[in-house]
Amino acid sequence: MLRIRKVYDDISAANRDAIGQVLSILQQQFPDSRPEDLDKIPRQLHDPMRYRYRTILFVTESAAGKVKGFAVLLHMPDLNIAYLELITAAPGKTGGGIGGVLYERIREEATALRVAGLFFECSVDDPAVIDDPELLKQNGRRLRFYEGYGVYPIIDNNYDTPVFPGDKDLYYLLYDPLGNEKPLSLDLTRNVVRAILERKYGDLFDRKRIEAIAASFGDEPVLLRPPRYQRRRAKTTPPVMAAGRKNIALIVNEGHNIHHVRDRGYMEAPVRIPVIMEEIDKTALFTRIKPDKTPDRLLKRVHNSHFVDYLRRACSLLPPGKSIYPIIFPIRNLQRPPKDIELQVGYYCMDTFTPFNSNAYLAARGAVDCAVTGAAVLLDDHRLAYALVRPPGHHAERRAFGGFCYFNSTAVAAEYLSDYGRVAVLDLDYHHGNGTQNIFYERADVLTVSIHGKPPTVYPHFAGFEDEKGEGAGEGYNINLPLPEAITPERYHRTLARALKQIRAFAPTYLVVALGLDTAKADPTGTWPLRAEHFKENGRMVGEMRLPTLIVQEGGYRTRTLGVNARHFFEGLWAGHSGGK
């Protein structure tokens, strides 16, 4: 199974490996390339301001991370255009459809960027220049492929002239309108030509030569070559969006209801999921995705392995319907924990109201599967994903559970994404995400930001203070924004704006949001006044970050308004992310 993944930087090990494979493909496919051209891709990703464009590398890779093809897209926001710098399959993969799938994905990305058009070069198919019949045929096949999208060379200009006397490695400049029927203006075209020649080929062309080539474009509007390989000019075609790509991926923990603690006062009930589903089903924003199994090795990167094994074993030994709570907390001697299952509960638990039962492990494990699946789809087809899960997870620390939480689904998803770039975790639950803070407290590649009720008044009471900023390599990468019990919606939104500003400064590749809806008015566990319209604004503000974003459900216990508040959050998220209202 292949996926197309976007690579924004060369920071993570997975990205560096993909870039190394890309450079190997380049060396094999273009053996005459200059060393400086081969080295340019990692430099572009590492320092985009140097080149005055943002580079996005798309890799088609197998589940094992083997790169089968790639494309390099340059976004030039000052001109509002995109430029396709490279697109190629690995040796032996040509003709397997990889190039076509990559080009579809590039068109889709360019459309999402709302650019005025997609420009790129293609080798000329002029028999007066190309005397190799096989090469001429190959160039013609490429241009025939692009004609199928209504993409043609711009004519009546000197773009395809030799750089050096006798040079036959010449290129047309092609224009893909991405479904836009508006003619291409001369002014934009000349600016695009200048930008390409200056930013890409500045070491080959002096200023005078660049201006001469730009001035050779003289038609208003610019003219495109008539069809040469199709019978008639194709209508410009908008990108074909892959199924579900426009929607929010929805991954539901279907097995959550096996975990039902009926003890009096236990509010984390199965009804929370269906009341949210009932409301979000009223929108057309979601596409259901089935969760995949998360390997234990990923879970144990986040949680202590003994802790994980204990939860599995202890839950399996309990009879159906029985819940056990900690009665002692044997933390004085961590080297000699009790051997009795019930006595050990307090060795791994942080409070007295989060019980074990026979299905707690299975339900929590299912929540992790959903969250990681939501993270995985951000690498592929989706920009937004929602893991609708219970039990929640953000209170679960590396080696302790509590606050209705057993495994930290949010943290495991963030850990997964950290292999592919920098990750910011934004916790919007009324209660501080002490578990997420604990897990990433010494990490600089995962920024944790939390807006929550001020400790020590609010659970978990012992964490979430403003001066907890991280330690070691993680110093400065944990940000707590505690608020008092009585606030206004306006104050909450000012604080959210502050949190998002901190996230922008971190410049993450991915955003994971721990969505607690217990900030709602009259929630039995909170004191804040947020209503549906305020959750819609929260979603809009998060969406306007325009980051690949995973939402993981955390708290929220007033079932009368829970679903409505969730629906409004996602309507706002969609509007903010897509630029709507």
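Picking from residues in region 39-53 that are over 19 Å from ALA14 (Cα atoms) and touching a residue at least 12 places away in the same chain (Cβ under 8 Å), the one that is surrounded by the fewest Cβ atoms within 10 Å (Cβ to Cβ) is ARG52.
Flag not set for ASP427, criterion: within 29 Å of ALA63 (Cβ to Cβ), in contact (Cβ under 8 Å) with a residue 24 or more places away in the chain, not basic (Lys, Arg) and not assigned by TED's automatic domain parsing to the domain that holds LEU57.
Do we have LEU74 as of a type in the set (A, V, I, L, M) and surrounded by fewer than 18 Cβ atoms within 10 Å (Cβ to Cβ) here? Criteria not met by LEU74.
Could you list, in sequence order, the residues of region 57-91 that are in contact with an Asp or Glu (Cβ under 7 Å, 6 or more places away or on another chain) and of a type outside the set (D, E, K, R)?
Applying the first criterion (in contact with an Asp or Glu (Cβ under 7 Å, 6 or more places away or on another chain)) to region 57-91 yields 65, 67-68, 72-74.
Listed by number, the residues that qualify are GLY65, VAL67, VAL72, LEU73, LEU74.
Mind checking whether some residue in region 527-545 is among the β-branched types (Val, Ile, Thr) and under 20 Å from ARG390 (Cα atoms)? Before you say what the answer is, go through the steps one by one.
Quick first cut of region 527-545, residues among the β-branched types (Val, Ile, Thr) only: 527, 542.
Next, from what is left, pick out any that are under 20 Å from ARG390 (Cα atoms): none.
No - not one qualifying residue is present in region 527-545.
All conditions but one from (1) of a type outside the set (Phe, Trp, Tyr); (2) at pLDDT 95 or above; (3) not in a strand (DSSP E or B) apply to LYS93; the one that does not is (2). Taking region 1-23 as the range and being over 18 Å from the mean Cα position of the chain (by Cα) and either assigned to a loop (DSSP other than H, G, I, E, B) or more than 20 Å from PRO508 (Cα to Cα) (or both) as the test, the residues that pass are MET1, GLY20, GLN21, VAL22, LEU23.
Test of understanding: among GLY65, GLY69, which residue is among the small types (Gly, Ala, Ser), assigned to a loop (DSSP other than H, G, I, E, B) and under 22 Å from ILE41 (Cα atoms)?
On the way: GLY69 fails: assigned to a loop (DSSP other than H, G, I, E, B).
After applying the criteria, what remains is GLY65.
For region 451-474, does any single residue satisfy the condition of being crowded, with 24+ Cβ neighbours inside 10 Å and either under 30 Å from VAL101 (Cα atoms) or without any contact (Cβ under 8 Å) to a residue 12 or more places away in the chain (or both)? No, every residue in region 451-474 fails to be crowded, with 24+ Cβ neighbours inside 10 Å and either under 30 Å from VAL101 (Cα atoms) or without any contact (Cβ under 8 Å) to a residue 12 or more places away in the chain (or both). Within region 511-564, being closer than 23 Å to ALA376 by Cα and among the hydrophobic types (A, V, I, L, M, F, W, C) holds for LEU511, VAL512, VAL513, ALA514, LEU515, VAL542, MET545, LEU547, LEU550, ILE551, VAL552. In the condition set (1) more than 21 Å from LEU23 (Cα to Cα); (2) touching a residue at least 60 places away in the same chain (Cβ under 8 Å), ASN80 is compliant with all but (2). Being crowded, with 19+ Cβ neighbours inside 10 Å, assigned to a loop (DSSP other than H, G, I, E, B) and not polar (S, T, N, Q) is a condition met by no residue of region 193-210.
Would you be able to say whether some residue in region 121-142 is under 19 Å from ASP78 (Cα atoms), in contact (Cβ under 8 Å) with a residue 24 or more places away in the chain and hydrophobic (A, V, I, L, M, F, W, C)? Show your work before the answer.
So the first thing to find is which residues in region 121-142 are under 19 Å from ASP78 (Cα atoms), and the list is none.
No, every residue in region 121-142 fails to be under 19 Å from ASP78 (Cα atoms), in contact (Cβ under 8 Å) with a residue 24 or more places away in the chain and hydrophobic (A, V, I, L, M, F, W, C).
Restricting region 269-301 to residues that are of a type in the set (A, V, I, L, M, F, W, C) and touching a Lys or Arg at 6+ places or on another chain (Cβ under 7 Å) leaves a set whose member that is farthest from ALA371 (Cα to Cα) is ILE280.
Going by the structure shown, is ASN538 over 30 Å from ASP47 (Cα atoms), among the polar types (S, T, N, Q), within 21 Å of the chain's Cα centre (by Cα) and assigned to a helix (DSSP H, G or I)?
Working: over 30 Å from ASP47 (Cα atoms): yes; among the polar types (S, T, N, Q): yes; within 21 Å of the chain's Cα centre (by Cα): yes; assigned to a helix (DSSP H, G or I): yes.
The answer is yes for ASN538.
In region 110-138, the residue that is modelled with the lowest pLDDT out of those that are surrounded by fewer than 20 Cβ atoms within 10 Å (Cβ to Cβ) and part of a helix (DSSP H, G or I) is ALA112.
The values are calculated or read from the model by the stated rules, or taken from the named source; none is laboratory data. Remember, it's a predicted structure, so these values are computed and weren't measured experimentally. Glycine also receives a Cβ, built like all others from the backbone with ideal geometry; neighbour counts cover every protein chain displayed.
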